[in-house]
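The values are calculated or read from the model by the stated rules, or taken from the named source; none is laboratory data. Quantities reported herein were computed from a predicted structural model and do not represent experimental measurements. For neighbour counting, all protein chains shown are included, and Cβ atoms are generated from backbone atoms with ideal geometry for every residue, glycine included. Accessible surface areas use protein heavy atoms only, side chains included; no ligands, DNA or RNA. Shrake-Rupley method; radii C 1.70, N 1.55, O 1.52, S 1.80 Å.
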Amino acid sequence: MPPVITFSIVIPFKSWSPDLEECLTHIKKLSLQEFEVILLPDEAVNVPTFCHDIPISIYPTGEVNPALKRNLGAKKSIGKYLAFIDDDAYPQLDWLEIAWNTLENRNDISAIGGPAITPKNDPFWGRVFGAVFLSNFSGGFKERYVPSPPTHMIDDWPTVNLIVSKEAFNQIGGFNTAFWPGEDTKLCLDLILNGFNIFYIPELIVFHHRRSQFRKHMRQIGNYGYHRAIFSRQFPKTSRRFVFFIPALFTVFLIGGGILTLLYPKINAIYEIGLLVYGLSLLIALKDIAKQESLPIAAFSAPYIFFTHLWYGVRFIQGLGSRKHKSSLGR
């Protein structure tokens, strides 16, 4: 009798890497084994010997964006559910078991997402940059990086840890391939608009390696800010929320307010109060971060929280002024 395939684990990537090997090593040990793995590299790859007993299918795609890769993976899949994960992440061993228990026992849920936690063995600077997201006062969405009960409905979740009913995925036409990044935001919006519910499951955990170089971290943050601004115009239902505008407002306050205090010294007190409020928010963020990370990592994260807010704000403002959107390969 052939094995039961309930989940199709879809992994888009450019080329083989140690992170992907780590991902497959953990997938091999999953407590629920009713799955297939669909690998979507740019070019053909050779699978290591340790993977030979994993049900893997490989579909080279050429240099296309992740949305196109994931759509191809979904088309080739035979599972009831599409389990999306990135090649630089790996699942907790009960990942699919928790997904099964949720999706099979709740007929009102069509998709689920869970936190993507920074591994404790990540390099120091990777953990520092990951720490930026560990507080709502620094990253805005702590639940994406720390298990944060209770289970609740959501309308936007990244594909590093997103599991979707294939029936619902096909009904909405899959990912909109015109977007990267942001294709996951558009997918979730399409699910919601078509009556499908997405739930946050705090126990549905993957571990996600963070960028350990400042330049790469800032590039990622800038892309997030730029595309979120574009989405705030095109898809206001989920992207025109005040939280997304806060870094841009802070950037305008910091730069514009600083210039105005030079021209009008009488408003200097107002500017200082604003800086004090930001400083207090930063202290609250560091307190939250220290609950999850060591004190040195929390302390070193402070300046990077500031730079993250500033650069996200700058790129968000640029996105508001952009009238043309060009999808990226993510390279």
### Query
To the nearest 500 deg cm²/dmol, what mean residue ellipticity at 222 nm is calculated for the chain from DSSP H runs of n ≥ 4 alone, each contributing -39,500 (n - 2.57), summed and divided by the residues?
-15000 deg cm²/dmol
### Task
Would you list which lysines come within 27 Å of K287, measuring only between C-alpha atoms, while excluding same-chain residues fewer than 8 positions from it?
K120, K142, K216
### Query
Anyone know which of I85, I11, I267 comes out most mobile in the 10 Å Cα GNM of the chain?
I267
## Note on the structure
Amide H proximity to F35 below 5 Å, modelled H, separation 5+ or other chain, gives T6, F7
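Beyond 17 Å, what share of the Cα-Cα pairs of region 142-269 remains, rounded to the nearest whole percent?
On the way: 5561 of 8128 pairs.
Tail fraction, whole percent: 68.
To the nearest 20 Debye, how big is the dipole of the chain about its Cα centre, given +1 on the beta carbon of each Lys and Arg and -1 on that of each Asp and Glu?
Numbers: 33 positive and 28 negative charges, 280 e Å.
Approximately 1340 debye in magnitude.
Applying a 10 Å radius around every beta-carbon, put 307-314, 157-164 in order of their mean neighbour count, most first. Present the calculation step by step, with values, prior to reporting the outcome.
On the way: 307-314: 20.9, 157-164: 24.4.
The peptides rank, most packed first, as 157-164, 307-314.
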### Message
Using a 7 Å offset from the Cα along the Cα-to-Cβ direction at both R240 and L262, what is the distance between the two label points in nm, to one decimal?
### Response
3.6 nm
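Protein chains only, probe 1.4 Å: how do F306, F231, F250, F137 rank by accessible area, largest first? Please list the in-between numbers first.
On the way: F306 60, F231 5, F250 25, F137 105 Å².
In descending accessible area the options line up as F137, F306, F250, F231.
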### Summary
Ordering L204, L93, L32 by the accessible surface of their heavy atoms, 1.4 Å probe, largest first, yields L93, L32, L204
### Query
Given 0.36 nm per residue, what is the gain on full extension from S57 to R219 after removing their alpha carbon distance, in nm?
55.1 nm
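At a 10 angstrom cut-off on C-beta neighbours, averaged per residue, how do the peptides 40-48, 107-115 rank from highest to lowest?
107-115, 40-48
Taking 1 over the mean of 1/r across every pair of different Cα atoms in the chain, what Kirkwood radius in Å do you get? Mind dumping the intermediate values first?
On the way: mean 1/r = 0.0478 Å⁻¹.
After inverting the pairwise mean of 1/r, the radius is 20.9 Å.
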### Task
Go ahead and set up a Gaussian network model of the chain, Cα springs under 10 Å, then flag whichever of A285, A131, A299 fluctuates most.
A299
### Task
Return the aspartates and glutamates within reach of K237: Cα separation strictly under 18 angstrom, same-chain partners fewer than 8 residues apart disregarded; answer none if there are no such residues.
D155, D156, E183, D184, D190
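Can you compute the equivalent ellipsoid semi-axes for region 213-331, i.e. the square root of 5 times each eigenvalue of the Cα gyration tensor, sorted largest first and rounded to whole Å? Provide the component values of the computation, followed by the final result.
Working: eigenvalues 132, 100, 34 Å².
Result for region 213-331: semi-axes of 26, 22, 13 Å.
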### Query
Out of the DSSP beta bridges found with both residues in region 99-231, what percent are antiparallel (nearest 5)?
55 percent
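Could you compute Rg(Cα) / (2.2 N^0.38 Å) for region 66-143, with N its residue count?
Details: Rg = 15.6 Å, N = 78, 2.2 N^0.38 = 11.5 Å.
Cα Rg divided by the expected 2.2 N^0.38 Å: 1.36.
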### Query
Summing +1 for each Lys or Arg and -1 for each Asp or Glu, what net charge is found among the other residues whose Cβ lies under 10 Å from the Cβ of F175?
0
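Given a 1.4 angstrom probe, I'd like the percentage of the accessible area of region 1-85 that is carbon and sulfur, rounded to a whole number. Working shown, then result.
Values: 2150 of 3870 Å².
Carbon and sulfur: 56 percent of the exposed surface of region 1-85.
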### Message
Return the Rg/Rh ratio of region 16-134 with Cα-based radii and a Kirkwood Rh.
### Response
0.97
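Give me Rg over Rh for region 1-47, both radii from the alpha carbons and Rh done the Kirkwood way, two decimal places.
On the way: Rg = 11.7 Å, Rh = 11.8 Å.
Looking at region 1-47, the ratio lands at 1.00.
Quote to one decimal, in nm, the extra length available between E104 and Y278 on full extension: 0.36 nm per residue of separation minus the C-alpha distance between them.
Values: separation 174, 0.36 × 174 = 62.64 nm, distance 4.49 nm.
Going from the current span to full extension adds 58.1 nm.
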### Task
List every DSSP H helix in the chain whose Cα atoms extend 27 Å or more along the helix's own long axis and whose mean Kyte-Doolittle hydropathy is at least -1.0.
242-263, 268-290, 295-321
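Note the full-extension length gain between T25 and I255 as 0.36 nm times their separation in residues minus their Cα-Cα distance, in nm to one decimal. Walk me through the numbers before you get to the answer.
Working: separation 230, 0.36 × 230 = 82.80 nm, distance 4.80 nm.
Gain in length upon complete extension: 78.0 nm.
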## Note on the structure
Non-local residues with an amide H under 5 Å from the amide H of I85, with H modelled 1.01 Å from N and Pro and chain starts lacking one, are V10
### Residue among T238, P303, Q292 farthest towards the positive dipole end of region 197-303, charges placed on Cβ
T238
### Fraction of beta bridges assigned by DSSP in the chain that are antiparallel (%, nearest 5)
45 percent
### Task
Give the cross-link partners of K80 among the aspartates and glutamates, using a straight C-alpha distance below 15 Å as the criterion and excluding same-chain residues fewer than 8 apart.
E34, E36, E97, E104, E167
